[in-house]
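Structure, as structure tokens:
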Amino acid sequence: FSLSSSWASSAYTENGEKLKTRTYLVDPEVPAEWPDKGIDAIEFPLVIPKELQHIVDAINSNNPLSCVKNFSSDDRFTLKLHPFPFGIGEMKASFYGMLTNLSDPDTSSLYVFKESRAEHASKLKRSNHEKFLQCHSVSAFFADLFNDEKPKGYPSIRFADASLMELTSERKEETAEIFMIKEELIKAPYEKYNNNAGYVAPCPTITNRTDH
């Protein structure tokens, strides 16, 4: 079983041209201090496919799989984002962020937030950002399927929670929507054996927190 190449985030445009990407200064440490000003944000939860046939139909038709809810949750958030990413991938930069749900303003939690490295990310459509989450949605489906069928004594598989966040106060104009991918922070040491499209490597990446 393999995913359509159109589902994987790519460093190339549909015309085969190399995307221009931004460069960053990297700070691998969890920040001790956060910006004073927060960013207003809303969340679009991840959608897990209900049936395998939904995935097969999307692949056969080469159409995007619905992986994010159309409407945001009722919660409203304030995000304080570290200005420098802790890791850089081919298409995304990963930042530490402190997120506060305004329904409980005295409690904040640390998450990973990923932005597109595209030079003009503000011109990307929501569908461009959702593409980053399609493999995550399908992987979570198969993890749940494995957990239901696995033999006794085998460990369970769980994918880190993820969602799409819109940074509403960062909008520069009415049509420009700013999105980031929110992921649960993996706090324990870990090694990465697979890429985002399912390839499994015989040796893991070096554990240096550049992957998440």
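The values are calculated or read from the model by the stated rules, or taken from the named source; none is laboratory data. Keep in mind the model is a prediction, meaning the values are calculated, not measured. Glycine also receives a Cβ, built like all others from the backbone with ideal geometry; neighbour counts cover every protein chain displayed. We work out accessible area using only protein heavy atoms, side chains counted, and drop any ligands, DNA or RNA first. Shrake-Rupley method; radii C 1.70, N 1.55, O 1.52, S 1.80 Å.
Got a number for residues in region 55-82 being open to solvent by less than 40 Å² (accessible area, probe 1.4 Å), small (G, A, S) and more than 30 Å from P35 (Cα to Cα)?
1
If a residue has to be hydrophobic (A, V, I, L, M, F, W, C), surrounded by 19 or more Cβ atoms within 10 Å (Cβ to Cβ) and out of contact with any His (no Cβ under 7 Å at 6 or more places or on another chain) to count, how many in region 99-118 make the cut?
Residues in region 99-118 being hydrophobic (A, V, I, L, M, F, W, C), surrounded by 19 or more Cβ atoms within 10 Å (Cβ to Cβ) and out of contact with any His (no Cβ under 7 Å at 6 or more places or on another chain): 2 in total.
Which count do you get for residues in region 87-99 that are out of contact with any Leu (no Cβ under 8 Å at 6 or more places or on another chain) and either farther than 12 Å from E115 by Cα or not in a loop (DSSP other than H, G, I, E, B) (or both)?
5
Within region 112-127, can you find the residues that are more than 17 Å from G97 (Cβ to Cβ), touching a Ser or Thr at 6+ places or on another chain (Cβ under 7 Å) and not in a loop (DSSP other than H, G, I, E, B)?
A118
Looking only at residues in region 142-161 that are assigned to a helix (DSSP H, G or I) and touching a residue at least 60 places away in the same chain (Cβ under 8 Å), which one is surrounded by the most Cβ atoms within 10 Å (Cβ to Cβ)?
D144
Mind checking which pairs have a first residue in region 162-187 that is farther than 15 Å from H129 by Cβ and a second that is modelled with pLDDT of 85 or more and assigned to a strand (DSSP E or B), Cβ under 6 Å, 6 or more apart or different chains?
S169/I39; S169/D40; L185/L110; L185/Y111; L185/V112
Hey, any hits in region 13-22 for a residue that's surrounded by 14 or more Cβ atoms within 10 Å (Cβ to Cβ) and either at pLDDT 90 or above or part of a helix (DSSP H, G or I) (or both)?
No, that holds for no residue.
Applying the selection to region 162-191, what residues are at pLDDT 90 or above and in a loop (DSSP other than H, G, I, E, B)?
Residues satisfying the conditions are L167, L185.
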